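Each remark here refers to the structure printed beneath this line.
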2 protein chains.
Amino acid sequence: MAHIQLPEGLPGIRGPMAFSPETTKPLNLLVDQLLWSPDNTLSRGERELIATYVSSENDCQYCQAIHGAIASHCLGDDDWNLVRQVKDNPETAPISGNMKALLAIAGSVQKGGKHVSTDQIERAKTLGVTDKEIHDTVLIAAAFCMFNRYVDGLGTWMPDDPAMFRQRAALVAEHGYSAANPTPAFIPTPV
Amino acid sequence: MAHIQLPEGLPGIRGPMAFSPETTKPLNLLVDQLLWSPDNTLSRGERELIATYVSSENDCQYCQAIHGAIASHCLGDDDWNLVRQVKDNPETAPISGNMKALLAIAGSVQKGGKHVSTDQIERAKTLGVTDKEIHDTVLIAAAFCMFNRYVDGLGTWMPDDPAMFRQRAALVAEHGYSAANPTPAFIPTPV
């Protein structure tokens, strides 16, 4: 049972988001910009991998399940094997050197901002990673330290049916987060 | 020196915010809703105390300085003594029982969402703390686990002159965060 009375039937972050539409609007705008915006040299799948890895390090079951499913959807990782390998150890996963360098930075952000080292930054820059990619990685990792705590700090529940996550992943990948989590501000008024 | 090339002369979070206006807009909307909106049974000063305490636990010097200054401004704590006592130990600080219960929850969120215990929730509810107050406390604490990591994960700098923080605190307390950190979307186009 959640720590506060949340609307029934909504798993994970969707319960608190329905409870508090006024904070949900900026949270969805933020995650749309960070993970879904097409205007980024990191692909949607790569950004979702960063979110998934940080959620896994924070042991947030709901966030790593849904963002892992979205990453897999975007990357054509049908059996979720790539996501499992990244969560297990990014350094040995079959991803680019740039992504390994960025996931190392994300892993340090998860522990605390001061854990990011100049060596990690130099490693990334030597590979040609841009300042914007480093910025976005730090902010995605930081944002998931928020989302994970929001989900678990209120004691939300989650379903154990992978089909639900696959279905929802397809919805979010196509339409984005604001559209998939409508708040009153986003629901068109009936004419 | 920051880990990436940020606009010069802007301390703490203001450098990354100027670097990335598209993510700054939702971040300011979120913090305005959480800390500055008048529509809340927790006062602005109380909400700023939660932000300050979490920032202190995360050892983020910039965030605890600016939000501590705003809390002090809102609470008439001219010598910053109350803020110091809260950062030192909320249980012995001269604040309400409700605030002590909420800061205990915030302290657990800072460690990780699963650290929030049913005993902490029951303590708060027994005192008459509402579900919305618990929700907002969890999200404020979670959000500052993001902001603190954003500030420190990019290696930003901070000034050491307390007068700067007092001056900025007065500005934010009066006008809110979006107005104090204008992004291109918020700057009126010259006619």
Condition check for residue A:165: at pLDDT 95 or above and within 13 Å of chain B (Cβ to nearest Cβ): no
Matching entry among A:6, A:30, A:49 (being touching a residue at least 24 places away in the same chain (Cβ under 8 Å), within 11 Å of chain B (Cβ to nearest Cβ), over 30 Å from residue B:128 (Cβ atoms) and not aromatic (Phe, Trp, Tyr)): A:30
One residue from B:109, B:86, B:172 being among the β-branched types (Val, Ile, Thr), at the interface with chain A (Cβ under 9 Å from one of its Cβ atoms) and open to solvent by less than 10 Å² (accessible area, probe 1.4 Å): B:109
Every residue from region B:112-141 that is touching a Gly at 6+ places or on another chain (Cβ under 6 Å) and at the interface with another protein chain (Cβ under 10 Å from one of its Cβ atoms): B:113, B:116, B:138
Output for region A:3-62, where each listed residue is more than 15 Å from residue A:150 (Cα to Cα) and assigned to a loop (DSSP other than H, G, I, E, B): A:7, A:8, A:9, A:37, A:38, A:39, A:40, A:41, A:42, A:43
Residue ID - most open to solvent (accessible area, probe 1.4 Å), chosen from residues in region A:45-60 that are of a type in the set (Gly, Ala, Ser) and more than 12 Å from residue A:75 (Cβ to Cβ): A:56
Region A:124-155, residues that are surrounded by 24 or more Cβ atoms within 10 Å (Cβ to Cβ) and assigned to a loop (DSSP other than H, G, I, E, B): A:154
Meets criteria (open to solvent by 50 Å² or more (accessible area, probe 1.4 Å), out of contact with any helix residue (DSSP H, G or I) (no Cβ under 6 Å at 6 or more places or on another chain), outside any helix (DSSP H, G or I) and more than 20 Å from residue B:60 (Cβ to Cβ)) for residue B:119: no
Members of region A:69-83 that are in contact (Cβ under 8 Å) with a residue 60 or more places away in the chain and open to solvent by less than 30 Å² (accessible area, probe 1.4 Å): A:69, A:70, A:72
Looking only at region A:181-191, and only at residues there that are loosely packed, with under 13 Cβ neighbours inside 10 Å and touching a Pro at 6+ places or on another chain (Cβ under 8 Å), the one that is modelled with the lowest pLDDT: A:185
Check on residue B:39, over 26 Å from residue A:60 (Cβ atoms) and modelled with pLDDT under 95: yes
Residue B:178 of a type in the set (Ser, Thr, Tyr), within 13 Å of chain A (Cβ to nearest Cβ) and buried (at least 18 other Cβ atoms within 10 Å of the Cβ): yes
Single residue of A:176, A:107 found to be over 25 Å from residue B:57 (Cβ atoms) and under 16 Å from the mean Cα position of the chain (by Cα): A:176
Among the candidates A:97, A:112, A:128, residue that is of a type in the set (Gly, Ala, Ser), out of contact with any helix residue (DSSP H, G or I) (no Cβ under 8 Å at 6 or more places or on another chain) and free of Cβ contacts under 8 Å to residues at least 40 places away in the same chain: A:97
Test: residue in region B:35-44 that is open to solvent by less than 40 Å² (accessible area, probe 1.4 Å), at the interface with another protein chain (Cβ under 10 Å from one of its Cβ atoms) and more than 29 Å from residue B:88 (Cβ to Cβ): no
From the options A:18, A:2, residue that is open to solvent by less than 30 Å² (accessible area, probe 1.4 Å) and either of a type in the set (A, V, I, L, M) or out of contact with any helix residue (DSSP H, G or I) (no Cβ under 6 Å at 6 or more places or on another chain) (or both): A:2
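The values are calculated or read from the model by the stated rules, or taken from the named source; none is laboratory data. All values derive from a computational prediction rather than experimental measurement. A quick note on method: Cβ atoms are made from the backbone with ideal geometry, for glycine too, and the neighbour counts reach across all protein chains shown. When the accessible area is computed, the model is the full protein with side chains, heavy atoms only, and any ligands, DNA or RNA have been set aside. Shrake-Rupley method; radii C 1.70, N 1.55, O 1.52, S 1.80 Å.
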